[in-house]
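The values are calculated or read from the model by the stated rules, or taken from the named source; none is laboratory data. Not measured: the values here are computed from a predicted model. Cβ placement follows ideal geometry from the backbone for every residue including glycine, while neighbour counts extend to all protein chains displayed.
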Amino acid sequence: MINDTFLDKLSKHILTSFDNNLQDIIVVLPNKRAKVFLLDSLNKQTNKTIFAPQITSIEDLIQEISGIRVVDSIELLFEFYEVYSSLTKKDDLLNFTMFSNWAKTLLQDFNEIDRYLLEPNFVFSYLKDIEALKRWDLQPKETTSLIDNHLAFWKKIPEYYNSLYNYLKNKKVGYQGLIYRESVKNLKSYSENLLNKKLVFAGFNALNQAEEKIILHLLTNNKASIYWDIDSYFINNPYHDAGLFIRRFKNQWKNYSTQPFEWISEDFQQEKNINIIGTPKTIGQAKIAGKIIEKLTLKNENNSKTAIVLGDENLLIPVLYALPNSVNTLNITMGYSGKNNPAQLLISKLFKLHANAISRNASNYTFYYKEVLEVLNHPLVEPYINVNEVIQTIHNNNFTFFSLETLFRLKEEKYKHQQNEYFDLLFTKWDNDPLKILTRISTILLQIKYCLNKENEEDKVTKSFVYAIFKVINKLINYCETYEGKINSIEALYEMYKQVIDLAEVSFEGEPLTGLQIMGVLESRVLDFDNIIITSVNEGKFPSGKSQNSFIPYDVKRELGLPTYKEKDAIYSYHFYHLLHRAKNIYLLYNTDNEGIDAGEKSRFITQLEIEKQPKHNITHSIYNAVLPEKAYSIINVPKSELMLERLHEIATVKGFSPSSLTSYIRNPIQFYFQRVLRINEMDEVEENIAVNTLGTIIHETLEELYQPYLNKFLALHHLEEMISKIDNITLEQFKLVYKEGEIKKGKNLLAFEVAKRNIYNFLQVEKTAIEAGEAVKIIALEEKLEVLIQDERLPYPIKIAGNVDRIEIRDNIIRIIDYKTGKVEANSLKVNDFEGLTSEIKNEKIIQLLCYALMFKNNENYPVEAGIISFKNMKEGFMPFTLGKGRGIVGQTNITEEILEAFKTEIISLILEIIDNKVPLKETI
């Protein structure tokens with residue numbers, strides 16, 4: 001257990017020093033969160049009822065001194081745009097999106113300049129001169145409009161600053177820097193009005209110029225005292241960044257020449273278990289954090305004395321999912337980006353869906369199926385809208401683009417008379433009116449709130465996400481109402497939404513004094529825990545790196561006394577080591593992967609801990625990798641159960657083995673098992689582009705439709721000419737039947753449509769040439785269902801073989817059984833020397849199919865029989881028959897005799913016996 005936290009120490013001091021007049025002190029802490037913990041600590045330090053002192057955060061104190069309310073970042077951006085608009089000629093006015101790109105950065109610079117009490121006009125003049133020097137002070141004739149505009153922008157910045165400052169000040173609102181600057185101006189009167197009250201500043205580290213001036217003024221006038229939280233190891237080491245600021249204050253503040261410096265502790269150097277754990281990828285850290293919490297829970301550790309500090313806020317959701325069930329309560333205190341918010345992602349998808357629908361066809365309002373499915377399958381939609389049958393219909397019918405009316409018709413057909421207000425809100429047509437759109441989105445977010453379960457922990461977190469976006473939408477509604485006409489289209493609204501959503505952070509509700517604490521780095525200030533788990537301890541994450549989102553160059557910042565990445569790193573250093581001050585068990589997690597988006601080397605803080613190891617620190621270093629199986633992959637081996645044998649008997653005697661099912665078994669018995677035995681088919685997906693098998697089906701169906709009127713007739717030239725004239729219409733009909741609602745009038749599908757027509761045309765031309773050459777052709781069957789029952793003493797029961805053949809014809813007194821192939825087939829692949837081992841190799845699949853057709857065919861005409869393939873990608877070969885006997889100089893036999901069929905039957909029986917043998921398992925072929 002922690003014996004004495006900083007807040008416990010502060011509580012004791014307050015109760016000892018101000019026991020009888022707690023109402024006369026104001027305790028000032030770095031953040032609002034620490035107030036609850038200090039009150040709890042005061043409660044534990046006393047056994048009597050007392051009135052607590054006033055406790056406030058530094059930001060609230062500054063607001064009180066200045067008398068100005070802080071404006072949030074989104075509202076500030078809107079206010080700045082109004083000021084900018086009033087200062088800019090109408091022809092030069094940028095839209096909100098273009099303005100936001102530089103305004104956010106400029107506002108940060110305004111904030112820093114004011115917090116550090118710099119003279120704004122001097123800073124901006126300095127920057128303007130630097131920009132001019134970059135251009136070597138070109139003569140007017142040597143400049144371009146781009147250079148002129150750029151320099152004009154820098155000249156305008158002082159005007160932007162002064163106008164915004166005065167505009168906000170008159171409204172009694174302001175950004176943080178403005179409030180700090182005004183508080184310094186009001187400091188004297190505030191100090192005088194304190195009378196007998198005294199301020200107690202506690203737990204501070206880095207102070208900006210305004211904070212330093214305020215605290216020093218109050219200290220000098222004996223209106224305040226300040227208590228630091230620093231370890232002797234950091235303050236006595238002149239090179240350690242963790243003590244950079246406090247060391248500077250100790251040496252430079254004149255008060256400390258006569259007054260003691262309080263407090264310096266020895267806590268960091270006490271006994272600690274420091275576990276440094278590396279693992280590949282970010283998600284691994286979340287899983288490890290969950291495992292650590294589980295171990296601590298098993299040791300009966302108090303979860304309220306445990307904190308997970310996220311170096312990367314994006315790790316919040318994975319960590320929540322990784323927590324064990326033993327965590328009954330938790331408190332989340334951190335800013336989570338609005339960009340990654342699930343509710344925000346849904347709103348973005350809705351904007352995309354409706355904006356594209358309007359742009360495609362404003363009158364017909366056409367949706368793209370992927371955008372619809374993205375909305376329907378979103379986790380904030382799918383559980384609350386039962387539209388699985390609508391989704392399946394979209395897949396089955398190849399709906400790629402469809403109208404709003406079609407979507408609602410599908411819903412009505414599948415769910416007659418079932419009201420679904422949520423569905424209507426999501427998909428009903430958007431007017432091109434930003435205010436109405438925002439009102440609709442606000443209603444959608446309220447609908448989600450009503451759907452969520454108040455008792456479910458996951459839903460509580462989701463509700464926080466939804467509420468954060470709800471606030472942003474309401475701010476946009478207020479802006480649209482106040483400044484009517486500024487946003488006049490759905491595109492402009494969406495661009496504005498994308499700009500402001502970056503500034504929106506999610507706040508979570510929780511009980512801060514109980515349960516596991518999950519927080520960001522800044523939220524950990526002043527607090528102490530027994531067990532600390534810090535994630536993402538990598539360079540670029542912790543500390544955050546050298547990124548400077550500012551118009552002010554690094555060297556200028558150094559000269560003006562503004563903070564740079566050096567000071568930023570020192571702040572991170574203090575926060576990191578403060579987390580370790582009084583902790584007993586410390587877990588530092590980092591990503592070992594040096595490739596990818598979230599890659600990076602381990603943080604310098606880890607290396608520093610190892611190099612500057614304290615005698616009482618027990619440091620362990622381990623690397624966690626994912627548990628890999630001994631084998632990368634195990635071949636599937638399914639023994640034949642009684643149920644499977646029953647199913648195989650059913651296939652063999654009722655439905656029959658088709659030639660394709662037999663070749664499926666030869667190719668891979670497990671594929672046969674899934675498709676034929678278990679009857680598991682691949683899920684239908686929308687075909688945006690026509691698949692090869694779909695194209696083949698269309699060609700087959702078109703040829704059947706063309707030849708059907710001439711069944712059992714000898715073909716004549718005029719029959720072929722008539723068929724050729726119908727190619728376009730019948731192919732189009734078959735496309736619509738097979739491809740259903742799919743788009744065939746543009747893109748790759750139009751090319752596929754033309755390819756199908758060309759294949760059919762080429763086929764009919766070959767047929768026409770044969771007729772002209774005097775061949776007599778009579779088609780006796782199209783898409784004929786054939787079957788045969790094989791009864792043999794080698795089989796335990798009669799076996800049925802059944803299947804459909806594309807075409808059977810009599811050509812010059814020879815019966816031809818023809819199988820169409822849209823792919824390329826070579827004549828050599830249909831030749832075989834003998835039947836030994838025929839069914840053991842998949843290369844013989846086409847021969848097996850053809851001989852199966854011949855076996856099933858009942859030859860009532862007593863004509864010679866041939867079976868072969870016509871390949872549409874090898875049309876010059878024409879009809880390619882099965883041939884027995886191959887090799888140089890050998891004339892192969894194409895006539896399929898009874899002897900050939902008997903020899904083939906022996907191979908088929910051998911294959912079927914293997915399929916139905918209870919001792920032969922179904923083993924995967926790789």
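Condition first: of a type in the set (G, A, S), in contact (Cβ under 8 Å) with a residue 12 or more places away in the chain and part of a helix (DSSP H, G or I). Now tell me which residues in the stretch 688-729 satisfy that.
The first filter runs over the stretch 688-729 and keeps only residues of a type in the set (G, A, S), leaving 691, 696, 716, 725.
Still in the list and also in contact (Cβ under 8 Å) with a residue 12 or more places away in the chain: 696, 716.
Scanning the stretch 688-729 gives a single hit, G696.
Comparison of T279, T306, T297 shows that the only residue that is hydroxyl-bearing (S, T, Y), farther than 22 Å from S524 by Cα and touching a helix residue (DSSP H, G or I) at 6+ places or on another chain (Cβ under 8 Å) is T279.
The sole residue among K436, K460, K475, K454 that is farther than 27 Å from Y175 by Cβ, surrounded by fewer than 21 Cβ atoms within 10 Å (Cβ to Cβ) and modelled with pLDDT of 85 or more is K436.
Across the stretch 135-147, what is the total count of residues that are over 42 Å from the mean Cα position of the chain (by Cα) and modelled with pLDDT of 65 or more? So that I can check it myself, show each step before the final result.
So the first thing to find is which residues in the stretch 135-147 are over 42 Å from the mean Cα position of the chain (by Cα), and the list is 135-144.
Narrowing the set further to residues that are modelled with pLDDT of 65 or more leaves 144.
Of the residues in the stretch 135-147, 1 are over 42 Å from the mean Cα position of the chain (by Cα) and modelled with pLDDT of 65 or more.
Of everything in the stretch 262-306, what is crowded, with 17+ Cβ neighbours inside 10 Å and more than 20 Å from L589 (Cβ to Cβ)? Give them in sequence order. Hits for the stretch 262-306 are I264, S265, D267, F268, S304. Among the candidates L346, L310, L323, L316, the residue that is more than 23 Å from E539 (Cβ to Cβ) and surrounded by 21 or more Cβ atoms within 10 Å (Cβ to Cβ) is uniquely L346.
Checked against the criterion of being surrounded by fewer than 20 Cβ atoms within 10 Å (Cβ to Cβ) and under 24 Å from L316 (Cβ atoms), the candidates E382, E371, E389 yield just one match: E382. Could you grab the pairs with beta carbons closer than 8 Å, sequence gap of 6+ or different chains, first residue in the stretch 787-809 and aromatic (F, W, Y), second one surrounded by fewer than 18 Cβ atoms within 10 Å (Cβ to Cβ)? Note: pairs meeting the criteria are Y797/H649; Y797/T653. Here Y256 meets the list (1) surrounded by 15 or more Cβ atoms within 10 Å (Cβ to Cβ); (2) without any contact (Cβ under 8 Å) to a residue 60 or more places away in the chain; (3) of a type in the set (F, W, Y) almost entirely, failing just condition (1).
For the stretch 881-926: of the residues being assigned to a strand (DSSP E or B) and over 52 Å from the mean Cα position of the chain (by Cα), which is surrounded by the fewest Cβ atoms within 10 Å (Cβ to Cβ)? Show your work before the answer.
Here is the first cut: in the stretch 881-926, the ones assigned to a strand (DSSP E or B) are 881, 883-884, 893, 922-923.
If we keep only those that are over 52 Å from the mean Cα position of the chain (by Cα) too, we end up with 881, 883-884, 893.
Details: P881: 22, T883: 20, L884: 21, Q893: 13.
Once the filter is applied, the top-ranked residue is Q893.
Residues in the stretch 243-284 that are closer than 30 Å to L315 by Cβ, of a type in the set (D, E) and in a loop (DSSP other than H, G, I, E, B): E271 alone. Annotation note: Cβ proximity below 6 Å between a residue of the stretch 65-91 that is under 13 Å from F110 (Cβ atoms) and a residue that is outside any helix (DSSP H, G or I) (sequence gap 6+ or interchain) occurs for V71/V173; S73/L503; L76/Y175. Please verify whether S191 is part of a helix (DSSP H, G or I) and either without any contact (Cβ under 8 Å) to a residue 12 or more places away in the chain or not hydrophobic (A, V, I, L, M, F, W, C) (or both), treating the condition exactly as stated. Criteria met by S191. So for the stretch 392-410 (the condition being in contact with a strand residue (DSSP E or B) (Cβ under 6 Å, 6 or more places away or on another chain) and of a type in the set (S, T, N, Q)), does at least one residue qualify? Taking every residue of the stretch 392-410 in turn, at least one turns out to be in contact with a strand residue (DSSP E or B) (Cβ under 6 Å, 6 or more places away or on another chain) and of a type in the set (S, T, N, Q). If you go through the stretch 44-99 and keep only what is at pLDDT below 90, touching a Lys or Arg at 6+ places or on another chain (Cβ under 9 Å) and either farther than 26 Å from Y160 by Cα or of a type in the set (G, A, S) (or both), you end up with Q45, S73. Here I292, I214 are screened, and the one residue that is within 30 Å of D19 (Cα to Cα), outside any strand (DSSP E or B) and out of contact with any Ser or Thr (no Cβ under 6 Å at 6 or more places or on another chain) is I214.
Among the residues that make up the stretch 250-259, is at least one of them at pLDDT 90 or above, in contact with an Asp or Glu (Cβ under 9 Å, 6 or more places away or on another chain) and either in the same structural domain as N585 (by TED's automatic domain parsing) or of a type in the set (S, T, Y) (or both)? No, the conditions are met nowhere in the stretch 250-259. Of all residues in the stretch 395-430, those that are in a helix (DSSP H, G or I), closer than 18 Å to H354 by Cβ and within 25 Å of the chain's Cα centre (by Cα) total 5. Within the stretch 815-836, residues that are within 22 Å of K858 (Cβ to Cβ) and buried (at least 19 other Cβ atoms within 10 Å of the Cβ) have Cβ atoms under 8 Å from residues that are of a type in the set (S, T, N, Q) and at pLDDT below 90 in these pairs: I815/N859, counting only partners at least 6 apart in sequence or on another chain. As for the stretch 859-880, it holds no residue that is exposed (fewer than 14 other Cβ atoms within 10 Å of the Cβ), of a type outside the set (F, W, Y) and either modelled with pLDDT of 95 or more or within 20 Å of E841 (Cβ to Cβ) (or both). Screening the stretch 767-779 for residues that are buried (at least 16 other Cβ atoms within 10 Å of the Cβ) and either of a type in the set (V, I, T) or part of a loop (DSSP other than H, G, I, E, B) (or both) and picking the one that is nearest to the chain's Cα centre (by Cα) gives I779. Looking across S348, S363, S403, one residue alone is of a type in the set (S, T, N, Q) and at pLDDT 90 or above. It is S348. Out of curiosity, is V500 at pLDDT below 90, farther than 18 Å from E313 by Cβ and surrounded by 15 or more Cβ atoms within 10 Å (Cβ to Cβ)? When the stated conditions are applied, V500 passes them.
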